[in-house]
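Contents: one structure, followed by commentary.
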């Protein structure tokens with residue numbers, strides 16, 4: 001009986017393996033202790049009472065899922081800021097390096113490079129503005145003490161919208177940066193120095209990929225939690 | 001109503017010393033004279049949330065039964081938060097007491 005309860009609880013939290021295992025162990029200890037403390041000699045009845053006293057495992061899982069979502073939200077908010085700061089440093093470093101080695105773009109490509117440069121500047125600052133808003137909104141929000149999913153889901157949806165827009169704009173900025181790097185590479189003969197812009201583009205893509213993966217994970221967990229919440233309400 | 005004050009209740013229960021979930025529930029029951037009989041499962045989301053907020057810390061220990069047990073401890077931040085909440089609660093009780101115990105005024109005749 002206890003095992004079934006624990007299996008339901010663990011399955012409901014399967015989106016976060018370490019949380020599911022921790023909660024299972026905590027509840028197992030709790031239920032076994034409650035059974036041991038029960039004055040009844042009928043073990044089956046004692047187990048039934050202990051489970052009934054614990055409450056619906058899906059409702060408990062929903063509350064824990066909201067807490068886990070809040071943790072993920074804060075982590076993503078920090079990653080967005082780190083990626084933006086990293087991008088800024090990378091772009092500034094790259095510009096300084098281009099100037100130091102006097103890497104020029106061939107004349108016929110200069111108008112296109114200038115246009116891409118404008119796109120990069122505007123998309124980067126737009127992404128920074130929206131990303132900062134997402135960070136502020138995601139990290140400064142306090143989790144409601146009653147773990148109300150309906151209330152939290154509104155906050156979560158707004159955060160997801162802000163961070164999705166910031167990520168999308170940042171991707172445009174990175175792709176433009178990649179195009180500019182390609183123009184620079186076609187303006188000169190391949191050398192060891194060519195590796196620098198290639199590495200820079202690779203780093204940017206890695207950062208963008210990390211953001212997309214985290215955002216996708218958050219979305220999937222939010223959908224899973226919504227389903228869990230629905231199931232616990234219909235019970 | 002009780003759920004809205006759960007954080008404060010849990011912090012107060014842990015002010016006596018480190019404890020695991022079951023012991024926290026027992027402490028709440030004992031201190032409230034069995035008046036607060038929460039669904040036991042609700043204590044764990046509260047413990048996790050308070051830990052995430054930095055008001056509690058936790059670690060695994062091995063219980064006498066040989067089972068793994070998660071023990072929660074109040075952090076310094078948690079102690080400060082409890083002190084603040086106690087002060088707010090006292091003010092609230094005094095104000096509410098004043099409102100509820102004040103003598104009813106007689107209506108003036110029209």
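The values are calculated or read from the model by the stated rules, or taken from the named source; none is laboratory data. On a predicted model such as this, the values are computed, not experimentally measured, just so you know. As a convention, Cβ positions derive from the backbone with ideal geometry for all residues, glycine included, and neighbour counts pool all protein chains shown.
Things to note:
- Here residue A:76 meets each of (1) closer than 30 Å to residue A:153 by Cα; (2) surrounded by fewer than 20 Cβ atoms within 10 Å (Cβ to Cβ) with one exception, condition (2).
- Any chance residue A:158 is over 30 Å from residue A:101 (Cβ atoms) and out of contact with any strand residue (DSSP E or B) (no Cβ under 7 Å at 6 or more places or on another chain): yes
- Restricting attention to the range B:63-77 and to residues that are at pLDDT below 90 and either surrounded by 14 or more Cβ atoms within 10 Å (Cβ to Cβ) or closer than 15 Å to residue B:21 by Cα (or both), the residue that is farthest from the other protein chains (Cβ to nearest Cβ) turns out to be B:63.
- Subset tally (residues that are within 13 Å of chain A (Cβ to nearest Cβ) and in contact (Cβ under 8 Å) with a residue 40 or more places away in the chain) for the range B:6-54: 12
- Verdict on residue A:177 being assigned to a helix (DSSP H, G or I), loosely packed, with under 15 Cβ neighbours inside 10 Å and in the same structural domain as residue A:74 (by TED's automatic domain parsing): no
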